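Inspection log for the structure reproduced underneath, given as C-alpha cells.
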Amino acid sequence: MPRAPATPRPAETVRSRSNPLVKRLRALKERADPAGGLMLIEGPKLLAEALHAGLELVELALAARLEHAPLQAEIARHRLSARVVDDALLDALSETEVSQGLLALARRPAFDEARLFVAPEPLLVVLVGVQNPGNLGGLLRTAEAAGAHGAILCAGCADPFAWKALRGSMGSAFRLPLALGWSVRESVARLRARGLRLAATLASGAAGALPYAEADLRGPLALLFGSEGAGLPGDLTAQADLRLTIPTAAAVESLNVGVAAGVLLFEAARQRRRIA
C-alpha cells in the first residue's frame with residue numbers, strides 16, 4: 001500500500017543574527033542601497049501600500065507573535081513567502097520605539113519621465129538639496145494629497161526610498177511619479193522644454209517676491225523648494241518666472257520646507273478647482 005505523502009514541515013523560526021535574511025535586513029537598515037534596487041519596508045500598513053501599488057516583494061520577515069494574525073491571510077492572498085523571525089531579533093531591527101513585527105525587502109519603483117507630464121497642465125514639485133528624509137517623505141505625501149502630478153528630486157536630495165523617508169510618505173513615494181538625480185540645470189531644461197513656468201519660493205520679506213496668495217498658480221507649473229537651511233541657489237531663483245513668499249509674523253523668517261510646500265501646493269490646488 002503506497003505511503004501517504006509526508007506533510008511539509010514548517011520552516012523553523014529564525015533565531016540567529018548571522019542568518020542571511022537577518023544580515024540583508026540589517027544591511028539595508030544601516031545603509032540604503034539605491035544601486036541594488038531594493039528598499040526596506042516596515043509594518044503592515046506600508047506593506048499593504050506597496051502591494052496595492054504593484055511593487056515586487058522579494059523577502060518578508062514576520063515576528064513569531066504575528067504568525068497566526070489576520071496579516072497571514074493577506075500574505076497568503078498575495079502568495080508571498082514569509083520567514084518567521086524571533087520577536088526580539090526582529091524588534092532589534094526596527095527603527096520605531098514599538099516594533100510592528102514585520103519587515104520586507106521590496107524592489108524600488110521606477111517611473112517613466114513621461115508620467116510627470118501626462119496631465120494637460122502639470123503641477124510638479126522640484127526639490128533642491130532637501131536632505132532631511134522625514135521632511136522629504138512628508139513633503140511627498142503632501143504633494144500627492146494636493147493633487148501634484150509628480151516630483152523631481154535633484155541630485156543631493158535625500159533618498160525617498162530610505163526607511164525614514166518612506167515612513168514620512170506612507171506610500172506616496174510608491175505612487176507619485178518621481179524623477180531622481182537630475183542636476184538643477186537638467187531639471188530646468190526639461191521643464192522649459194515641456195512649457196512649465198518655474199516658481200521659486202523665498203523667505204518672508206525677500207525683495208521682489210510676490211505673496212503667494214496674489215500669484216496665479218494655474219497652468220503648467222513647477223514649484224521649486226530649496227534645502228532647509230540654505231534655500232534655493234541664487235542662480236536658480238534668477239531663472240524663475242515667479243518668485244513667491246509666504247508672509248509670516250516678523251519674528252519668523254521662514255517655514256519648514258514641508259510646511260511651505262503644503263501652503264503653496266494647496267493654494268495651487270484651490271485656484272485650479274475654482275477654474276475647473
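Give me the pairs, please: first residue somewhere in the stretch 142-153 and over 17 Å from Ala114 (Cβ atoms) and of a type outside the set (Asp, Glu), second residue anywhere and at pLDDT 95 or above and surrounded by fewer than 22 Cβ atoms within 10 Å (Cβ to Cβ), beta-carbon distance under 6 Å, and either six or more positions apart or on two chains.
Close Cβ pairs satisfying both conditions: Thr142/Gly262; Ala146/Phe266; Ala146/Ala269; Gly147/Ala269; Leu153/Leu180.
Kindly provide the set of residues from the stretch 94-110 that are in contact (Cβ under 8 Å) with a residue 40 or more places away in the chain and surrounded by fewer than 19 Cβ atoms within 10 Å (Cβ to Cβ), ordered by number.
Ser94, Glu95, Thr96, Gln100, Arg107
To keep it simple, each residue is scored yes or no on (1) assigned to a helix (DSSP H, G or I); (2) free of Cβ contacts under 8 Å to residues at least 24 places away in the same chain; (3) not assigned by TED's automatic domain parsing to the domain that holds Phe117.
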| residue | (1), (2), (3) |
| --- | --- |
| Arg185 | yes, yes, no |
| Val188 | yes, no, no |
| Leu191 | yes, no, no |
| Asp216 | no, no, no |
| Val252 | no, no, no |
| Glu267 | yes, no, no |
| Arg270 | yes, yes, no |
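Have a look at Glu121, Glu97 and point out the one that is among the acidic types (Asp, Glu) and either under 13 Å from Ile41 (Cβ atoms) or in the same structural domain as Leu224 (by TED's automatic domain parsing) (or both).
Values: Glu97 fails: either under 13 Å from Ile41 (Cβ atoms) or in the same structural domain as Leu224 (by TED's automatic domain parsing) (or both).
Unique residue meeting the criteria: Glu121.
Taking the condition in contact with a strand residue (DSSP E or B) (Cβ under 9 Å, 6 or more places away or on another chain), part of a helix (DSSP H, G or I) and of a type in the set (S, T, N, Q), does Gln72 pass?
yes
For the stretch 187-227, which residues satisfy the criterion of being under 17 Å from Ala143 (Cα atoms) and surrounded by fewer than 17 Cβ atoms within 10 Å (Cβ to Cβ)?
Scanning the stretch 187-227 gives Arg218, Gly219.
Residues of the stretch 55-73 being modelled with pLDDT of 75 or more and among the charged types (D, E, K, R), which ones?
Residues satisfying the conditions are Glu56, Glu59, Arg65.
Which of (1) among the acidic types (Asp, Glu); (2) surrounded by 17 or more Cβ atoms within 10 Å (Cβ to Cβ); (3) not in a loop (DSSP other than H, G, I, E, B) is the odd one out, the single condition Asp159 does not satisfy?
With (1) among the acidic types (Asp, Glu); (2) surrounded by 17 or more Cβ atoms within 10 Å (Cβ to Cβ); (3) not in a loop (DSSP other than H, G, I, E, B) applied to Asp159, the lone miss is (3).
So which residues in the stretch 25-52 are surrounded by 14 or more Cβ atoms within 10 Å (Cβ to Cβ) and in a loop (DSSP other than H, G, I, E, B), if there are any at all?
Answer for the stretch 25-52, where residues must be surrounded by 14 or more Cβ atoms within 10 Å (Cβ to Cβ) and in a loop (DSSP other than H, G, I, E, B): Ala32, Gly43.
The values are calculated or read from the model by the stated rules, or taken from the named source; none is laboratory data. Note that the structure is a prediction, hence the values are computed from the model and not measured. Because the Cβ atoms are built from the backbone with ideal geometry, glycine has one as well, and the counts that use them run over all protein chains shown.
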